[in-house]
Amino acid sequence: MFEVRHIDKTYSPGTVQETCLFRDFSLAIEPHSFVAVVGSNGSGKTSLLNILCGSIDVDQGTILMNGEDITRMKDYKRYRKIGRVYQNPALGTCPTMTILENLSMADNKGKRFNLTGGVNKKRIEAYKEMLLPLGLGLEDKLSVPVGMLSGGQRQTLALLMATMTPLDFLILDEHTAALDPKTAELVMALTDRIVREKQLTTLMVTHNLRHAVEYGDRVLMMHQGNIVLDKGGEEKKNLKVEDLLGLFNTISIECGN
């Protein structure tokens with residue numbers, strides 16, 4: 001389980017740009033749940049992800065992962081048990097390294113580095129079997145630098161790399177936003193399959209309301225650092241895109257937009 005308890009976060013305190021984003025904010029994410037988070041720009045979605053990953057500190061409050069207090073834990077230590085896929089496909093892979101080298105690097109996550117070769121040739125067939133179901137032909141391009149792939153191919157590879165080793169938590173940071181519609185659907189289908197097969201606890205921020213409704217077992221809507229909608233179980237199953245859009249429009253009108 002991932003929990004944030006009574007956290008406060010203010011940006012640029014003591015300046016004219018001071019902005020209080022979270023005040024006494026709490027959220028619990030149950031094990032093996034797939035939670036979609038939607039909300040307007042500035043609602044706190046990405047800040048929440050960064051707080052969970054440790055790239056942003058909180059002013060007050062507690063962050064727990066499987067009961068362990070990780071509030072002051074460095075981000076690189078948290079990433080031993082957290083996988084993250086970013087909106088920009090370039091952030092999840094190394095463009096100058098080959099597909100094989102990228103997969104090998106992800107395969108060694110959390111392991112000690114020594115003087116042995118970085119690529120384990122015994123794993124090549126396993127990598128090919130992993131890539132074959134994608135239907136992208138990547139299994140025949142292991143020697144190709146990742147920088148030569150399309151954005152969709154790179155994002156698919158980034159998703160695979162992020163989930164190759166055992167994880168406690170998977171974070172998806174608008175991971176289909178930069179893709180064309182067809183590729184976005186492919187990546188979402190792959191995401192759903194991986195999350196279900198590996199029973200990953202997953203938090204997905206998305207601007208795609210249909211993806212938020214169709215995938216996962218819980219949906220949150222955030223606004224100005226607060227949760228204004230939280231639906232799970234049967235309520236989530238009965239939720240429609242029109243319901244989310246209606247709430248968006250209501251909030252927009254109340255804010256004078």
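The values are calculated or read from the model by the stated rules, or taken from the named source; none is laboratory data. Note that the structure is predicted; figures quoted are calculated from it, not measured. Here the Cβ is made from the backbone with ideal geometry for all residues, glycine too, and neighbour counts use every protein chain on show. Surface areas here come from the heavy atoms of the whole protein model, side chains and all, with no ligands, DNA or RNA. Shrake-Rupley method; radii C 1.70, N 1.55, O 1.52, S 1.80 Å.
In Å², and per residue, what accessible area does the chain have when probed at 1.4 Å with the other protein chains present?
Ligands and nucleic acids excluded, the result is 52 Å² per residue.
Segment 195-220 to segment 41-106: how many Å between their Cα centroids?
Centre-to-centre (Cα) distance: 17 Å.
Work out, step by step, the length gained on full extension between MET105 and GLU18: first 0.36 nm times the residue separation, then minus their alpha carbon distance; give nm to one decimal.
Details: separation 87, 0.36 × 87 = 31.32 nm, distance 4.04 nm.
In short, 27.3 nm is gained.
Could you check how much of the accessible area of the chain is carbon and sulfur, as a whole percent, using a 1.4 Å probe?
Values: 6700 of 13260 Å².
Answer for the chain: carbon and sulfur cover 51 percent of the accessible area.
Run the simple label-point estimate for ASN238 and HIS207 please: 7 Å along Cα→C-beta, distance reported in nm.
With each label placed 7 Å out from Cα toward Cβ, I get 3.2 nm.
Taking a threshold of 24 Å on the Cα-Cα distance, which of the pairs LYS198/LYS236; LYS74/LYS236; LYS74/LYS128; LYS74/LYS198; LYS74/LYS109 fall above it?
LYS74/LYS236; LYS74/LYS128; LYS74/LYS198
Counting only C-alpha contacts under 8 Å and six or more residues apart, can you give the relative contact order of the chain as a whole percent?
26 percent
In nm, what is the difference between 0.36 nm times the number of residues separating LYS122 and SER252 and their Cα-Cα distance? If you can, show how the numbers build up before the last one.
Numbers: separation 130, 0.36 × 130 = 46.80 nm, distance 5.54 nm.
So the extension gain works out to 41.3 nm.
If you look at just the Cα atoms of the chain, how large are its Rg and its Dmax in Å?
Calculated on Cα positions, Rg and Dmax stand at 19.2, 61 Å.
Under the 0.36 nm per residue contour assumption, what length would be gained going from the current alpha-carbon distance of ASN226 and HIS6 to full extension?
Values: separation 220, 0.36 × 220 = 79.20 nm, distance 1.18 nm.
In short, 78.0 nm is gained.
Go ahead and estimate [θ] at 222 nm for the chain from helices alone: -39,500 (n - 2.57) per DSSP H run with n ≥ 4, summed, over the residue count, rounded to 500.
On the way: 9 runs with 85 residues, N = 257.
Result for the chain: -9500 deg cm²/dmol, rounded to the nearest 500.
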